Amino acid sequence: MSKSPVIPFETTGFVKDTCLCLHVQRAARAIARQFDEALRPLDITNGQFSLLMSLNRPVPPNMRAVASLLAMDRTTLTAALKPLERRGLVEVFADEDDRRSRRLRLTPEGEQLLARAVPIWKATHAVVDERLGQDGPARLRADLLQIA
């Protein structure tokens with residue numbers, strides 16, 4: 001004897017077809033895989049590219065500023081920095097004005113790797129933009145910024 005489900009199967013289909021969170025997550029994963037594949041020859045992920053790019057500033061940012069820009073907590077940022085530090089791409093150092101605070105900067109090796117990554121990022125981004133159509137990229141960015 002089978003009992004009827006608490007949630008009807010039709011609800012599952014409705015959520016699958018309408019859930020914005022699910023659709024954004026699926027699209028984000030698909031785009032992330034595309035960038036990861038493109039950046040693989042440089043042995044970095046799309047997340048590492050974003051982190052390295054966030055450090056490309058005239059003045060080395062503090063951990064809080066980078067974590068905020070990348071929408072991650074400091075613990076996650078610290079974990080993400082470890083492999084980049086081990087590779088000699090990023091340096092973490094004490095802030096001169098507040099010894100409790102840490103600042104981040106690209107090393108010369110990190111700058112060189114980022115310079116090699118940017119053309120790959122541009123080419124991959126052009127492919128993604130093309131799939132979204134003429135006004136698609138700008139509209140999508142505006143919509144996502146409105147949500148965030």
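The values are calculated or read from the model by the stated rules, or taken from the named source; none is laboratory data. From a predicted model like this one, the values you see are computed outputs, not experimental measurements. Using ideal geometry, Cβ is built from the backbone for each residue, glycine included, and neighbour counts are taken over all protein chains shown. We work out accessible area using only protein heavy atoms, side chains counted, and drop any ligands, DNA or RNA first. Shrake-Rupley method; radii C 1.70, N 1.55, O 1.52, S 1.80 Å.
Exposure check, 1.4 Å probe, all protein chains in place: THR12 carries approximately 80 Å² of accessible surface.
In straight Cα distance, which lysines are under 30 Å from LYS82, not counting same-chain residues fewer than 8 positions off? The reachable lysines, counting only those whose Cα sits under 30 Å from LYS82, are LYS122. How far is helix 136-147 tilted, in degrees, relative to the longest principal axis of the Cα atoms in the chain, given as a value from 0 to 90 rounded to the nearest 10? Rounded to the nearest ten degrees, it is 90. Within the chain, what is the longest stretch that has no trypsin sites (Lys or Arg not before Pro) placed in a DSSP loop and near at most 10 other beta-carbon atoms within 10 Å? With a cap of 10 other Cβ atoms within 10 Å, the longest stretch comes to 4-98.
Heavy-atom accessible surface of LEU42, to the nearest 10 Å², is about 20 Å², with a 1.4 Å probe and all protein chains retained.
Close amide-amide hydrogen proximity is noted between VAL90 and GLU85, THR107, each under 5 Å apart and 5 or more residues distant or on a separate chain (H modeled in the peptide plane; Pro and chain starts excluded). Expressed in Å, the radius of gyration and Dmax of the Cα atoms of the chain are 19.9, 72.
Remark: the chain carries 72 Å² of accessible area per residue (probe radius 1.4 Å; ligands, DNA and RNA excluded).
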